[in-house]
Amino acid sequence: MENSIETIWKNGFLKDSALVAPKLNNLYNQKSKHIVDKFQRMFKMNLILIVFGSFIVLIASFMVGLPYTGVPMFIGMNVLVFLNKKLFNSLKLVDKCKNTYDYLKAFDSWLKSQININKKFARFFYPFVFLSMITGFWMKKSGSQRIGDHAVQKLLLTYPDLQLVGGVPVVGVLGALLIVGILALLAGRIYEWDLKIIYGRIFKKFDELLADIKELRA
């Protein structure tokens, strides 16, 4: 039987102009548009909040005497925004004239590419933030002396044979490098955790919608 319900549904998602299953097509068109539009709104808002937060960090860092933390973090956060703004602009290149299924596949491809790029960037960003914080506290003045130098002097009183590199304990350098390595190694998972917190519900609805349409087309 040529006009089985499976054939009708399948053809209904091949072309938006198809005369079969128009209500079903329209339903999935509306659902896909709602999900993608909601993601775009949240994505834009997230970038705005990061920029706003970067200025708060910058101003607060000078107020509490941690400019060596605030300035690098301000730069890093805005580089992150610049990168994602370019990625977001590339989403506009996705052809919205395609049928629902092809558009969702194109969006899914863009989304995975965006996530992969950000996971790679995270390998540098998270260690960069950690080093900025360490540097900031080390350089912070306590009276007429930096906190880092004051800490080293106290350590030398207890451990006079403490090895230093550029005035910094070797064990401290090794410890910092170890943490940097761990952050770089786990950066992808940390980023995915951040994504799940912010976009988890949208991603779940999108995956369910795409799975439904794939099943109907099978």
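Here is a list of conditions, (1) touching a residue at least 24 places away in the same chain (Cβ under 8 Å); (2) more than 19 Å from the chain's Cα centre (by Cα); (3) within 27 Å of Lys205 (Cβ to Cβ), and Ala106 meets all of them except one; can you say which number that is? So Ala106 meets the others, but not (1).
Can you confirm whether Asp108 is out of contact with any Leu (no Cβ under 7 Å at 6 or more places or on another chain) and at pLDDT below 90? Before you say what the answer is, go through the steps one by one.
Details: out of contact with any Leu (no Cβ under 7 Å at 6 or more places or on another chain): no; at pLDDT below 90: yes.
So Asp108 does not fit the description; no.
Being surrounded by fewer than 16 Cβ atoms within 10 Å (Cβ to Cβ), among the aliphatic types (A, V, I, L, M) and part of a helix (DSSP H, G or I) holds for only one residue in Leu186, Leu162, and it is Leu186. A count restricted to region 139-151 and to residues that are without any contact (Cβ under 8 Å) to a residue 40 or more places away in the chain and under 28 Å from Ile75 (Cβ atoms) stands at 8. Only a single criterion out of (1) on the phi > 0 side of the Ramachandran plot; (2) in contact (Cβ under 8 Å) with a residue 24 or more places away in the chain is not satisfied by Gly166, namely (2).
No other residue among Leu104, Leu111, Leu80 is part of a helix (DSSP H, G or I), in contact with a helix residue (DSSP H, G or I) (Cβ under 7 Å, 6 or more places away or on another chain), within 30 Å of Glu215 (Cβ to Cβ) and hydrophobic (A, V, I, L, M, F, W, C) apart from Leu104.
The values are calculated or read from the model by the stated rules, or taken from the named source; none is laboratory data. As the structure is a computational prediction, the values presented were derived from the model and not from experiment. Methodologically, a virtual Cβ is constructed for each residue, glycine included, from the backbone with ideal geometry; neighbour enumeration extends over all protein chains shown.
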